[in-house]
Amino acid sequence: MTNQEKINELIEKRAEARMGGGEKRIESQHNKGKLTARERILLLLDEGSFEEYDMFVTHRTKSFGMWDQKFLSDGVVTGHGTIDGRLIYVFSQDFTVFGGSLSEMFAQKICKIMDQAMQVGAPVIGLNDSGGARIQEGVRSLAGYAEIFQRNILSSGVIPQISAIFGPCAGGAVYSPALTDFIIMSEKSSYMFVTGPKVVKTVTGEDISVEDLGGANVHSTKSGISHFMVESEEEGLLLIRKMMSYIPSNNLEEPPITETKDPIDRLEDELNELIPENPNKPYDVKDVIHAITDEHEFLEIQRNYAKNIIIGFARFNGMPVGIVANQPDYLAGVLDIDASRKAARFVRFCDAFNIPIITLVDVPGFLPGSAQELGGIIIHGAKLLFAYGEATVPKITITLRKSYGGAHDVMSCKQLRGDLNYAWPSAEIAVMGAKGAVEVLEGKKLREIVDKEERQKFISEKEEEYIENFANPYQAAKYGFIDDIIEPRNTRFRIIRGLKILSTKKDFNPPKKHSNIPL
Ligand code: HXC
């Protein structure tokens, strides 16, 4: 073979690999409204930046007539490229080759890029679209999954890991995405479950559709497994690019700073009027978030799950932050099991990757009731408490209105190493609300007053007295638990100045093998 012939051979083999499972299967993939593995990578990464590894890998299985069925790349496209010029590792499962099912060599390819990503400190993005374990490979496939799981675990908290689900993801295969930091699901074509509808029917007799068992909608609203539901794969891939703009490449780097023209001292006069005079009236805390962040931008995470707490990324003077905010507009912003778990995981993500945490508090307490108690609110609430107390990143807390009881402590209070704790004049920081307090404190007297009108008058007087004495920020400020009481319209400036002074903050937890967060 001449040199030119050898080069031609390479070009031909590359072209063959790029065709995956062949034209027909690519057409079938497109007909399902799905992109191919390589099309997805091209949309995800900066143009021309993708370098593919292991294009010529094939499987090593002889049984089931597999020796005659070989496809270059063996069902997964792996390599690296850049997003906004920053190095990213990626694997993209190719459904056109054996349904994207995972073989021993397929797993080895993924492990190779995961290992390199850890060595150089770069994120791993996984694009999932797979029929699960390659049945013909038996236990070698299971071992391959476990090799990936182990790397997911060791990478956790060292490099960011993001999973997009663009097709099937079933059986044990779900556990790799579950071990990563964020999961994105495409609305129409993705599903995730440990056991599918047929097995469910056989074992429990329950009739349930694929969508109701593991579609993007249920995982975005009911289980909370999915952090984002997107209408199209293109939207999902652009979203990953956007997410990366808030996240550092590894746990030793600071988050990327962006230039902004938004003035640091922009006053938001309407914030002074935002809190309703009636403490039981709801308002949308997202109005506060959008008013104070750079360019009014906020990337909300798990938007449709546990809506009583809001989490997401934003920037202040170009510095990425994680925002956690009670939402008075939904269940009065109460803390329950789902809200505690949702916020706790986010706080831990931010802390692992040096992203400061801004907490906006308006919380009436924990949700009472047997459903919550028997569901383990004690342990789940403790997760959020633990996450805040363990976090060593800069923590700025603004109490907007209610901050009652145990929930006050949980929501990044001063004693959980809150660095800057501010309150608006509308804040009510107390053991409980006026109504509950009067019922407890004046119970005996109330039972003695028979006349209804007289009783109501007494209650109103006592409630007023309580509000005057306790339902305000000054009690907490008196003891230094609140560093300052600020005008709402100044909030943006105070956060930016706080972040600046805290940018050199150093805080540590005692040396240990690892903590024992209440799981
Ligand atoms: C080998 C597979 C495969 C698999 C699909 N294919 N799944 N090959 N191993 N697991 C092949 C098909 O034979 C077919 O090959 C091609 O991929 C496309 O599959 P279709 O069935 O034609 O596609 P579709 O109708 O879209 O259905 C997709 C599907 C279905 C729902 C994913 O293929 C399916 O149910 N597959 C089996 C899923 C499964 O049970 N996996 C094992 C789960 S246990 P041709 O040549 O016709 O194109 C597991 C354990 C993991 O994963 C444990 C980890 C710890």
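We did not get these values from a lab; they are worked out from the coordinates using the rules stated. Bear in mind that the values here come from a model prediction, so they are computed numbers and not experimental data. We place every Cβ from the backbone using ideal geometry, glycine too, and count neighbours over all the protein chains shown.
I need the phi-derived Karplus couplings for the stretch 165-174: 6.51 cos²θ - 1.76 cosθ + 1.60, θ = phi - 60°, integer Hz, Gly and Pro marked x.
Result, rounded to whole Hz: 10, 10, x, x, 7, 9, x, x, 4, 5.
If you wrap a convex hull around the Cα atoms of the chain, how much volume per residue is inside, in Å³?
187 Å³
Taking the Cα atoms only, what angle lies between the long axis of helix 377-390 and the longest principal axis of the chain, rounded to 10 degrees?
80 degrees
Would you mind putting 353-365, 245-257 in packing order, based on average other-beta-carbon counts within 10 Å, highest first?
Numbers: 353-365: 24.8, 245-257: 17.1.
Ranked by mean Cβ neighbours within 10 Å, highest first: 353-365, 245-257.
Over the chain, what is the relative contact order in percent, taking alpha-carbon pairs closer than 8 angstrom and at least six residues apart? Let's see the in-between values first.
On the way: 1031 pairs, mean separation 46.8, N = 519.
Computed value for the chain: 9 percent relative contact order.
Go ahead and collect, in residue order, the members of the stretch 60-84 whose backbone nitrogen is under 14 Å from a label point 7 Å along the Cα-Cβ direction of E16.
68-74
Just subtract the alpha-carbon distance of V203 and E5 from 0.36 nm times their residue separation and send over the number in nm, one decimal.
The span from V203 to E5 would gain 65.4 nm if fully extended.
Give me a comma-separated list of calculated 3J(HN,Hα) values for the stretch 210-217, in order, Karplus coefficients 6.51, -1.76, 1.60 applied at θ = phi - 60°, integers in Hz, x for any Gly or Pro.
Ordered by residue, 3J(HN,Hα) equals 4, 5, 6, 8, x, x, 4, 5 Hz.
I'd like the antiparallel share, as a percent to the nearest 5, of DSSP beta bridges with both residues in the stretch 57-131.
Percent antiparallel among DSSP bridges in the stretch 57-131 is about 65.
Under a 5 Å amide H to amide H cut-off, with H placed in plane at 1.01 Å, what residues pair with I301 once short-range neighbours are removed?
Those qualifying (amide H under 5 Å, at least 5 residues apart or on another chain) are I311, G312, F313.
May I ask you to derive the relative contact order of the stretch 429-475, considering only C-alpha pairs under 8 Å and at least 6 residues apart, and to give it as an integer percent?
After rounding, I find 64 percent.
Whose amide H sits under 5 Å from the amide H of I482, counting only residues 5 or more places off or on another chain, with H placed in the peptide plane?
Residues meeting the criterion, in which the H sits 1.01 Å from N, are A477.
Run the paramagnetic zone check for R60: 7 angstrom along Cα to Cβ, then residues of the stretch 132-163 with backbone nitrogen under 18 Å.
Only 134-148 fall inside the zone, counting backbone N under 18 Å.
Can you give the % of DSSP beta bridges in the stretch 3-152 that are antiparallel, to the nearest 5?
Of the beta bridges lying entirely in the stretch 3-152, close to 70 percent run antiparallel.
Nearest-5 percent of antiparallel DSSP beta bridges in the chain?
35 percent
So how far, in whole Å, is the C-alpha centre of the stretch 173-190 from the one of the stretch 206-235?
Comparing the Cα centres of the stretch 173-190 and the stretch 206-235, I get a distance of 9 Å.
Strictly greater than 23 Å: what percent of every Cα pair in the stretch 10-105 meets that?
So the pairs more than 23 Å apart make up 26 percent of the total in the stretch 10-105.
What FRET efficiency comes out for the pair E300/T82, r = Cβ-Cβ distance, R0 = 25 Å, nearest 0.05?
With a Förster radius of 25 Å, E is 0.45.
What is the set of long-range amide H partners of E428 at a cut-off below 5 Å, with H atoms built 1.01 Å from backbone N?
Residues meeting the amide H criterion: R401, K402, S403.
Hey, how many Å between the Cα centroid of the stretch 471-519 and the Cα centroid of the stretch 378-419?
First find each Cα centre; the distance between them is then 9 Å.
Which order do the peptides 185-194, 206-215 come out in when sorted by mean C-beta neighbours inside 10 angstrom, highest first?
Highest to lowest by the protection proxy: 185-194, 206-215.
Which ³J(HN,Hα) values in Hz, rounded to whole numbers, follow from the phi angles of the stretch 143-159 under the Karplus curve 6.51 cos²θ - 1.76 cosθ + 1.60, where θ = phi - 60° and Gly and Pro get x?
Result, ordered by residue: 4, x, 4, 5, 4, 5, 4, 4, 5, 4, 5, 5, 6, 4, x, 10, 10 Hz.
How would you order 136-142, 327-333, 164-170 from highest to lowest mean count of nearby Cβ atoms within 10 Å?
164-170, 327-333, 136-142
Once every DSSP H run of n ≥ 4 in the chain is given -39500 (n - 2.57) and the sum is divided by its residues, what mean residue ellipticity at 222 nm do you get, rounded to the nearest 500 deg cm²/dmol? Write out the running numbers ahead of the final one.
Values: 21 runs with 205 residues, N = 519.
Result for the chain: -11500 deg cm²/dmol, rounded to the nearest 500.
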